[in-house]
Amino acid sequence: MSDAVTLTGMPAQARRDIGIKRRYAAERRFRAYGIIAMAVGLFFLAALIFSVVSKGYTAFVQTTITLPIEFTEKDVDPDNKRGENPAVLAQGDFAKLIKQGLAKRLGFDPSDRKSAKLATAMISDSARTDLRDMLVADPSLVGKTVNVSLLAEGNIDSANKGQIDLSVPEARRKVKDKQLEWMKTLRDAGDLTKAFNTGLFTNGASSRPEAAGLGVAAMGSLFMMVTVFVLSLPIGVAASIYLEEFAPKNRLTDLIEVNINNLAAVPSIVYGLLGLSIFINFAGMPRSAALVGGLVLTLMTLPTIIIATRASLKAVPPSIRSAALGLGASKMQTIFHHVLPLAMPGILTGTIIGLAHALGETAPLLLIGMVAFVADFPATPLEPSTALPVQIYMWANEAERAFTERTSGAIIVLLTFLILMNLGAILLRRRFERRW
Amino acid sequence: MKTPLILLILALMAIGAYVAGRARSHALSRTSKVKTHSRPAYHSAYVALAGLLPAVLVLIVWSIASPIYIDRTVRATLPSDLRIDQASEALNYGTVSIVARGVEQLTEAEIAAAQAGTVKWPELLVSKAVPVAADVRPEIIQAALKRTAMDAASHKAMAAVCIVVAALGAFLGYRRLAPSFRARNHIEKLMLVTLALCSTIAILTTVGIVVSMLSEATRFFAMVPMHEFFFGTVWDPRFAAAGAGGEGGQFGLIPLLAGTLYIAFFAMLCAVPVGLLSAIYMAEYASPRVRNLAKPALELLAGIPTIVYGFFALVTVGPFLRDISAELNGLVTGNYTNFIQAQSVLTAGIVMGIMLIPFVSSLSDDIITQVPRALRDGSLGLGATRSETIKRVILPAALPGIVSALLLTASRAVGETMIVVLAAGVAARLSPNPFEPMTTVTVKIVNQLTGDLEFTSPQTLVAFALGITLFAITLALNIYALYIVRKYREQYE
């Protein structure tokens, strides 16, 4: 009973110093390190999201200026030929119409070139094509005066959103005092308004930030996602079924296994090189096409899908297989009629996560030429198009202030898609998950 | 007849065969006294596939072989002065292809008129928006006409053969149907073959990567000696000019590799402590509630596309570091110039480190939780504190797994593209200063391959040499990591 002896024989103060205080301090320190590390990680997440959202939420509204535009006949159809050939209307001098509208609205003399220049600079260049399209669609407008909402120029838009520092001397500012004064007049009259920015979702690429949109890029991304889904789901499921249920244990299947795990960790840019050299250079497919992008992303996501599918096939208990086999089903029937349906929720979850990953992938698409200025919607996957992340990359390289806002806006859109896909995957798993 | 149309016809024939097979199978099961071996679905699928598969096989072989044959024949008809060397032959044959595409749009009357000489060929073609020079050689036009004719004939013949083969196959399949016929076994064997073929796609992808990159890289090394690439210290590829050859450009890998490793080093320096410590905290200390909140939040970082990190580095982290360095410099020396550039090794390293935190933490978390409970209880039972248990027992036990997780993370850092494209700069320099921009292998691959491509110039081909280097580095890291993981798993299972 040595224990009892020490306890009774010695007073508590004289206990051997085993450094318990020091050890507990170390324990607390270590714990604090862990908390700090986690806080740092979460801080970065918050900083990233805050940075994007604070810069980007304004991209969802856009400033428009309403002007009385008179489609004067001598400017849009000087030779009065629209009766025989309506196409002449497309060649009208729409810049002049805008200038006259501004002069009338703001009350300056159209021949005052300095004012006219400042005033027309407030309207986006894309307004001319808007007016042209409007007139070509409805030739009866000639000679009439219509109130038209026109896109404001990018800097005016920024100023209206309060993003331009007005304390900077006028000479170094993009927006001049005179323009600010006009903006105030227009705003007070309700002619300068902020409205929801539908152009962001419907327009194609543009060199003018106020007219640039994600429409074409979203279309390209959609084409690619469909390609990836249609190809990678069946191929991935077939490959997993073979490897999980049929493959004999030999060197070849071992090699395949190592290969799949390795392919999942190959840098994405290498897939871009593969696509460039095989699909474009060797097979002669068109550059910039969504189909090629889809094929490259398919090869990239297949390993992820195969790994997820094999995990969910493995999770189906062997008793299901034994029961089916015992009732006389063939092995193929067992798998396709019983195992696969039970594994399907897990497979779909893995596929959605793979698709979300593919949706955000940029590097391989740069190499196969999807980084291009595409203003027209692609009708088929073989036509040139861009993708959402590539559009973000292209806008990120633009210097103008208004493009930074667009880029952040586009990132918010992309992240929303990704969150929706991941939520879908989580819901799917919750809804159909079975515990055996 | 175009290929999609043929495919449509074949599909319709297959549906027809399926219906016929089904009817026959039902009839068999009604009339025959013995029970049929296979269900009607298998019978009908057998008939349909017996027709479809050989026809599609013929279609594929024909579509590959016939253009090669036509190319050869048409090339041989070009006069010898248009085929002085390979380059001129390729150029002239390119013109033939362009003209042939134009000829396909012409009506027969237009072709006849042009042949008779009433309309000039170049004018006719230009009117169809085909870019042809006015002095195009008549031999080229004739070659193009021959090619179009052969193409059309080949397609017609292909359609006929495919349809005959499909009909014959379906008929033979139909004839085999009988109550004792084991259609299911045939179908299942076919399915098995298909499944096995799909599983080889992983190998095919790897082979495709290696072969495509090696073949392009070999062409590059024929122009630029290997030692100049691997040991060169200057990266200055100049511009790709058609036919300029490789002269003038210097393709030294060392500055790019140095930049890659330097940035990856900073990224690991940032990601490993944060990721590892938060994994330990979540696995050993955190209450389930904290864990359930913090773990998905950290994994959210892994779901964010890398382009977003790149943008974050470009507009937030880079300018922030630049401004804060200017402030620091001003406080210390009174001179308010920034010593950290907006695009720098440090910026790219920090942001890449943020991206890698969830990789390190979730991989290490898995490994730490895999360490058997008994080891932990034993250590705690002997009076060790929790941190002592972690440091002296759990981490050593999990070390191989953690090392492999770190290797996988490093391989990601080396192969990461979008962050460095936006945040690291494009200047290929060798300098030990992390506050200045450096460039990486991946940045240069992107730089060399965006814009106009000339697959004969070293400026383009060097990207593949860089790619194969990158692939080799990441492959080595991955395989070593997977090897450790496998070995480690066996220990506790």
Sorted peptide list for B:463-473, B:372-382, B:189-199, criterion being average Cβ within 10 angstrom, highest first: B:463-473, B:189-199, B:372-382
Inter-probe distance in nm under a simple model that places probes 7 Å from Cα toward Cβ, at A:ALA32 and A:VAL146: 7.0 nm
Residue of A:ILE353, A:ILE20, A:ILE235 that the Gaussian network model of chain A assigns the largest fluctuation, springs spanning Cα pairs under 10 Å: A:ILE20
At least 30 Å along the helix axis (C-alpha) and Kyte average at least -1.0, DSSP helices within chain A: A:20-56, A:215-241, A:290-315, A:401-432
Global size of the range B:3-199 as Cα Rg and Dmax, reported in angstrom: 24.7, 79
Globularity index of the range B:255-397, i.e. its alpha-carbon radius of gyration over 2.2 N^0.38 Å: 1.34
Overall form of the protein assembly as shown per C-alpha gyration tensor (a/c, 1.5; a/b vs b/c): oblate
Listed residues B:PHE435, B:GLY173, A:SER232: farthest to the positive end of the dipole of the protein assembly as shown (Cβ charges): B:GLY173
Residue (of A:VAL175, A:GLY41, B:ALA17) at the positive-pole extreme of the protein assembly as shown, dipole from beta-carbon charges: B:ALA17
Qualifying aspartates and glutamates (Cα of each under 19 Å from Cα of B:LYS487; at least 8 residues distant if same chain): A:ASP254, A:GLU257, B:ASP365, B:ASP366
More than 16 angstrom apart: percent of Cα pairs within the range B:308-379: 63 percent
Positive-end residue, chain A charge dipole about Cα centroid, Cβ charges, pick of A:PRO303, A:VAL292, A:ALA218: A:PRO303
For the range A:215-432, average projected area of the Cα convex hull in nm²: 13.9 nm²
Straight-distance crosslink candidates among aspartates and glutamates, where the alpha carbon sits under 12 Å from A:LYS144 and sequence neighbours closer than 8 are dropped: A:GLU70, A:GLU73
FRET efficiency for B:VAL332 and A:PHE373, using Cβ-Cβ distance with R0 set to 56 Å, rounded to 0.05: 0.75
Efficiency of FRET from Cβ geometry, B:GLN86 and A:THR380, R₀ 30 Å, rounded to 0.05: 0.30
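Calculate the translational D of chain A in whole µm² s⁻¹ from Stokes-Einstein, where the hydrodynamic radius comes from the Kirkwood formula applied to all Cα pairs, the temperature is 4 °C and the viscosity 1.567 mPa s. Each step should come with its number before you reach the end.
Working: Rh = 27.3 Å.
Diffusion coefficient, whole number: 48 µm²/s.
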Projected label distance in nm at A:ALA121 and B:ILE15, using a 7 Å step from Cα toward the beta-carbon: 6.4 nm
All aspartates and glutamates inside 15 Å of A:LYS74 as judged from Cα atoms, apart from same-chain residues fewer than 8 positions distant: A:ASP93
Estimated dipole of chain B in Debye, rounded to 20 [Cβ of Lys and Arg +1, of Asp and Glu -1, Cα centre]: 2900 debye
C-alpha long axis of helix B:201-223 to longest principal axis of chain B, angle in °: 90 degrees
Dipole magnitude of the protein assembly as shown about its Cα centre (Cβ charges: Lys, Arg +1; Asp, Glu -1), debye to nearest 20: 3820 debye
Of B:LYS391/B:LYS444; B:LYS33/B:LYS189; A:LYS81/A:LYS161; A:LYS81/A:LYS184; A:LYS96/A:LYS174, pairs whose Cα-Cα distance is over 32 Å: B:LYS391/B:LYS444; A:LYS81/A:LYS161; A:LYS81/A:LYS184
Ratio Rg/Rh [Cα only; Rh per Kirkwood] for the range A:54-129: 1.09
Between 0 and 90°, nearest 10: helix B:288-303 axis offset from chain B longest Cα axis: 50 degrees
Cα-centred dipole magnitude for the range B:235-492, charges only on beta-carbon of K, R (+1) and D, E (-1), debye, nearest 20: 860 debye
Extension gain (nm, one decimal) between A:GLN163 and A:ILE426, 0.36 nm per residue minus Cα-Cα: 90.8 nm
Global geometry of chain B, whether rounded, prolate or oblate, following the gyration tensor of its Cα atoms and the 1.5 cut on a/c: oblate
17 Å reach of a label modelled at A:LYS114, 7 Å along Cα-to-Cβ, counting backbone N of the range A:144-171: A:170-171
Between helix B:3-31 and chain B: long-axis angle, C-alpha atoms, 0 to 90°, nearest 10: 80 degrees
Chain A: most fluctuating residue of A:ALA39, A:ALA372, A:ALA119 per GNM, C-alpha cutoff 10 Å: A:ALA39
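Since every read-out is calculated from the coordinates, none of them should be taken as a lab result. For clarity, every value in this text was computed on a predicted model and none was experimentally measured. Quick reminder, even Gly has a Cβ in these numbers, built from the backbone with ideal geometry, and neighbours come from all protein chains shown.
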